[in-house]
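The values are calculated or read from the model by the stated rules, or taken from the named source; none is laboratory data. Because the structure is a prediction, the values reported are computed rather than measured. Using ideal geometry, Cβ is built from the backbone for each residue, glycine included, and neighbour counts are taken over all protein chains shown.
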Amino acid sequence: MTEHATSRRPAPRAERVVRFRMAVMHWYEGNGRVFPWRHASATVYTKVVAEVLLQRTRADAVARVFKQFIVSFSNWCMLAESSEDELQQFLKPLGLWRRRATALHRFATEMCRRHGRFPKVRTEVEGIPAVGQYVANAIFLFAHGQREPLIDVNMARVLERYFEPRVKADIRFDEYLQLTARKVVNCDAAATVNWAILDLAALLCHSRNPRCIQCPLARGCRFRRSAQRGWSGD
């Protein structure tokens, strides 16, 4: 991808990206949420499974079942050998449990066949059952140490409000938003930057009634300057 998005908007200036990153990182040091999949001892398996469960689900809901889930299914093969009934007791509180159980089981079966080793080519990663762009990014981030964004609607909201709104409805295909996300996490602490943005979205930068006064990005945020004109940034 080039340094200019195909939407004809220039990529964010480097100094603006750095200011954004430093602000959210500083805020995260004192305000970040604590989850078991973020612990220093968390394995790649733990981190990737968490990201699968976190799709369209609040992190605090996943956290309530996650510890026992990992105790019960401590690796890909144990997860692959589980039954739908066994998965139900953990996934039902998260909603869409049948779909999640099927997707996670297919994913685990393939990873057990691969002895837990993820491929390093994106097309091969996205060829694994139940792996789309978001989970693929998580795999490259946690398994291969690449600087990939965990970009979902929450991260997108923060980035769009501070930088520029996307053009395309689907965040997966908006070139400007994808480029911006990658520039923001392009540092040695890519995982932490991802978590910082996601926590900021969850705790302050809400889709409705954001807490702009408390936000570390308020000073340079386009959304805050545009709020009186009724632009929501979503």
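Before moving on, here are some points about what is shown:
- The residues listed here are VAL185, VAL158; of these, the one that is crowded, with 22+ Cβ neighbours inside 10 Å and either free of Cβ contacts under 8 Å to residues at least 40 places away in the same chain or under 12 Å from the mean Cα position of the chain (by Cα) (or both) is VAL185.
- When the range 94-117 is limited to residues that are assigned to a loop (DSSP other than H, G, I, E, B) and touching a residue at least 40 places away in the same chain (Cβ under 8 Å), the one that is farthest from VAL65 (Cα to Cα) turns out to be GLY116.
- Some residue of the range 29-40 being in contact with an Asp or Glu (Cβ under 6 Å, 6 or more places away or on another chain) and of a type in the set (Lys, Arg): yes
- For the condition part of a helix (DSSP H, G or I) and either modelled with pLDDT under 90 or crowded, with 19+ Cβ neighbours inside 10 Å (or both), VAL18 does not qualify.
- Positions within the range 56-82 being acidic (Asp, Glu) and in a helix (DSSP H, G or I), in sequence order: ASP60
- Residue check for VAL62: surrounded by fewer than 19 Cβ atoms within 10 Å (Cβ to Cβ) and free of Cβ contacts under 8 Å to residues at least 40 places away in the same chain: no
- Matching residues in the range 123-169 - criterion: being hydroxyl-bearing (Ser, Thr, Tyr) and not assigned by TED's automatic domain parsing to the domain that holds ARG182: THR123, TYR134
- Selection status of ARG98, touching a helix residue (DSSP H, G or I) at 6+ places or on another chain (Cβ under 9 Å), surrounded by fewer than 16 Cβ atoms within 10 Å (Cβ to Cβ) and closer than 28 Å to ILE171 by Cα: yes
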